[in-house]
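Here is the structure we will look at.
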Amino acid sequence: MLFSRTFIPTVREVPSDAETISHQLMLRAGLIRKLAAGIYEWLPLGLRVLKKVEAIVREEMNGIGGNEVWLPQLQPRELWEETGRWQVYGKELMRLKDRKDADFCLAPTAEEVITDLVRREVRSYRSLPLMLYQFGVKYRDEIRPRFGVMRAREFYMKDAYSFHADEADCERYYQEAFNAYKKIFERCGLHFRPVEAESGAIGGSFSHEFMGLADTGEEGIVSCSCGYAANVERAECSVCPEPAKPETPQVSEVSTPGATSVEAVAKIVKRPKDQFIKLLVFVADEKPVVVLIRGDHELNEAKLQHYLKAKWLSKASEAVYAEATGAPVGFAGPVGSKAVMIADHAVKTITDGVAGGNRANVHVKHVVPGRDFQPAAYVDLRKAIEGDACPRCGKAMTYSRGIEVGHTFKLGTKYSSSMNATYLDPQGGSKPMVMGCYGIGVSRVVAACIEQCHDDNGIIWPQALAPWQLIIVPLNMTHPEIKKTGEQLYEQAKSAGMDVLYDDRNERPGVKLKDADLIGIPLRIVIGERKLAEGKVEFKRRSDKTGEDVPSTEVLQRINKA
Ligand SMILES: [Zn+2]
């Protein structure tokens, strides 16, 4: 490919609205452009990389018996009503009406559509197991689209669905899909970790997330040397042993004008955060719920929702907070409260606590759980943090961050039961099919890869995802010898079957070299006047600091060995 005929609009300046490295580099290297908030155009360079990921995913899906299909992105409301998800999905579902006023949504996922297809076409156990998958655009009406394609409103995914006669076969296949996922991310050159995960809006009995490890990742992971790893949303927190309670003075009030956060109150009261009792108010299925959690911990809403068996959970408005606690926001506490409270296990470890005083600008100190208040229940409600005991072996866990690039779910009969997707077993009995589903954020894999593979000068593509393997850079196109050598090498590389980009532009050497680094082609040949006089060109790997001088007649053989 000739650089002069491509469309790679590179940019030197760091775009001001791009927070993460991958977002910045995808814009600067000309992979994507923004059309509207969370909606991106993929330019030729970006699309080439996307297609590389897609090809790897397709091979591995076919390798586990997958059949590729193409499903509609426009999905009728009726199907979503059958599973109750028209309501459950809430505002993230992109909804629209046709000219007859019928409701549709733009696919965020395809469980309903695929289950409908299979229930119409599959009748007998003889047709099972069956795995269907597709590549397609998905939609999510994000409240705050950010990080470029990482949290976009329109994105490119592979979604796969498997149908089985029984639980055992579904679990056997889940393991196959799990292994195929490991192969995919290994082949993409990604550093990743599979972790136990929450199933969220997809539901089902168990699931794993595949996390690309990156400090900028949005997801928190805790992991242990014994092999246990989980999303912090999922990780179980062990019950801390209750400490011996010292002689703590009686509860007394402290004036805390305007101090509504743990940080602000801590400045006045001078107590560590782990001695604070945070009081939070939620609304679960329209009923207010009062929750207590330690000041250094974060509430895990998924755990609270599970415990309450609630369909809906949201933070309470100021009015609901005031009504439930009788105190202004930031000043409610458990001491003397009439509210029914649920506390996280770790609240029990507090020996001399600080809490809201149930009046404006007042907190109380010397609070002891059990002595000064009694919650209705102690439950595991918090997110795991660095140093927490591993739920499997008890050793301290480490915390890291990741980007979710894949997610596998064992759905069981959640969809087949509600949508009546049944088959006839050998005895002629009607049974619900058992399902699994398996997603990969193809566009996210590209961004995750850049988060892991870059330096100050730009992207460093792993060979498997590189848009081109080799870039040939003649430093001066007006120099006849340089131009001739460049064209010869370009032709030879092409006929050797290499994927090569030839920078034939009449640009300054600095511009060409900067662009080559920015777009991250793994192998580079530079043809300059001084070295060419000795019959040599420079060969350099994008990942290396320095290159080597090689006779121009031998450089392609040298690359084949690289
Ligand atoms: Zn462990």
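Of all aspartates and glutamates in the structure, not one lies under 14 Å Cα to Cα from LYS267 without also being fewer than 8 positions from it along the same chain. Stretching the chain fully between VAL11 and GLU92 yields a gain of 25.9 nm (0.36 nm per residue, less the alpha carbon separation).
The amide H of HIS454, built 1.01 Å from its N in the peptide plane, has ILE460 as neighbours under 5 Å, considering only residues 5 or more places off or on other chains. On a per residue basis, the convex hull of the C-alpha atoms belonging to region 338-417 measures out at 239 Å³. Contact order for region 316-469, expressed relative to its length and based on alpha carbon pairs under 8 Å spaced 6+ residues apart, stands at 14 percent. Take the Cβ atoms of LYS545 and LEU35, set R0 to 30 Å, and the FRET efficiency comes out at 0.20.
Entry note, region 101-237: relative contact order of 16 percent, from Cα contacts under 8 Å with a spacing of 6+ residues.
Computed from the C-beta positions of ASP455 and SER314, the FRET efficiency with R₀ = 60 Å rounds to 0.90.
One decimal place: the segment LYS484-ARG401 gains 24.9 nm when fully extended, by the rule 0.36 nm per residue minus the C-alpha distance. Within region 470-560, what is the number of lysine pairs with alpha carbons under 17 Å apart, leaving out pairs fewer than eight places apart on the same chain? Number of lysine pairs found: 11. Here's how it looks for VAL354: its modeled amide H is under 5 Å from those of PHE276, ILE277, VAL367, which are all 5 or more places away or on a different chain. Cross-link partners for LYS273 among the lysines, with Cα-Cα distance under 26 Å and sequence neighbours closer than 8 places in the same chain left out: LYS245, LYS303, LYS315, LYS338, LYS348, LYS365, LYS383, LYS395. Once you order the gyration tensor axes a ≥ b ≥ c over the Cα atoms, which shape class does region 493-562 get: rounded for a/c under 1.5, otherwise prolate or oblate by comparing a/b with b/c? Taking the square roots of the gyration eigenvalues as a ≥ b ≥ c, region 493-562 is rounded. Based on DSSP, what percent of beta bridges with both residues in the chain are antiparallel, to the nearest 5? Percentage antiparallel, nearest 5: 80.
Think of region 252-379 as having a plus end and a minus end, set by charges on the Cβ of Lys, Arg, Asp and Glu; of VAL347, VAL329, ALA310, VAL347 sits farthest toward the positive end of this dipole.
Of the peptides 289-295, 244-250, 310-316, 259-265, the ranking by mean beta-carbon count within 10 Å, highest at the top, reads 289-295, 259-265, 310-316, 244-250. With each label modelled as a point 7 angstrom along the Cα→C-beta vector, the VAL254-HIS306 pair spans 3.4 nm.
The magnitude of the dipole of region 298-452, with charges of +1 and -1 set on the Cβ of Lys/Arg and Asp/Glu and taken from the Cα centre, is near 260 debye.
Computed extension gain for ASP101 through GLN557, at 0.36 nm per residue and net of the alpha carbon distance, reaches 157.7 nm. Mean sequence separation of contacting Cα pairs (under 8 Å, at least six apart), scaled by the length of the chain, corresponds to a relative contact order of 17 percent.
For the pair SER4 and GLN463, a Förster radius of 30 Å applied to the C-beta separation gives a FRET efficiency near 0.75, rounded to the nearest 0.05. In the chain, the portion of solvent-accessible area held by carbon and sulfur atoms comes to 51 percent [1.4 Å probe, whole percent, DNA, RNA and ligands not counted].
The orientation-averaged shadow of the Cα convex hull for the chain, equal to a quarter of the hull surface, comes to 33.1 nm². Of the peptides 266-277, 418-429, the order by per-residue mean of other Cβ atoms within 10 Å, starting with the highest, comes out as 266-277, 418-429. Partners of LYS431 within straight-line reach, counting lysines whose Cα lies under 21 Å from its Cα and excluding those fewer than 8 residues away in the same chain: LYS410, LYS414. In order along region 218-228, the Karplus-derived 3J(HN,Hα) couplings, from 6.51 cos²θ - 1.76 cosθ + 1.60 at θ = phi - 60°, round to 7, 9, x, 10, 10, 9, 10, 5, 6, x, 5 Hz, and Gly and Pro are given as x. A protection proxy built from the mean count of other Cβ atoms within 10 Å ranks the segments 219-230, 439-450, most packed first, as 439-450, 219-230. For region 4-21, 3J(HN,Hα) computed residue by residue from phi via the Karplus equation (6.51, -1.76, 1.60; θ = phi - 60°) reads 5, 9, 8, 10, 10, x, 7, 10, 7, 6, 7, x, 6, 8, 9, 7, 9, 4 Hz, glycine and proline entered as x. Note that region 275-283 has calculated 3J(HN,Hα) couplings of 10, 9, 10, 7, 10, 10, 10, 10, 10 Hz, one per residue in order, obtained from phi through the Karplus relation 6.51 cos²θ - 1.76 cosθ + 1.60 (θ = phi - 60°); glycine and proline are x. Reducing region 302-339 and region 1-66 to their Cα centroids gives an inter-centroid distance of 44 Å. Backbone amide hydrogens, once placed in the peptide plane, bring GLU218 within less than 5 Å of GLY402, GLU404, excluding anything fewer than 5 places away on its chain.
The values are calculated or read from the model by the stated rules, or taken from the named source; none is laboratory data. It should be emphasised that the depicted structure is a prediction, and the values quoted were computed from it without experimental measurement. Every residue, glycine as well, gets a Cβ built from its backbone with ideal geometry; the counts of neighbours run over all protein chains shown. The area values use the complete protein model at the heavy-atom level, side chains included, leaving out ligands, DNA and RNA. Shrake-Rupley method; radii C 1.70, N 1.55, O 1.52, S 1.80 Å.
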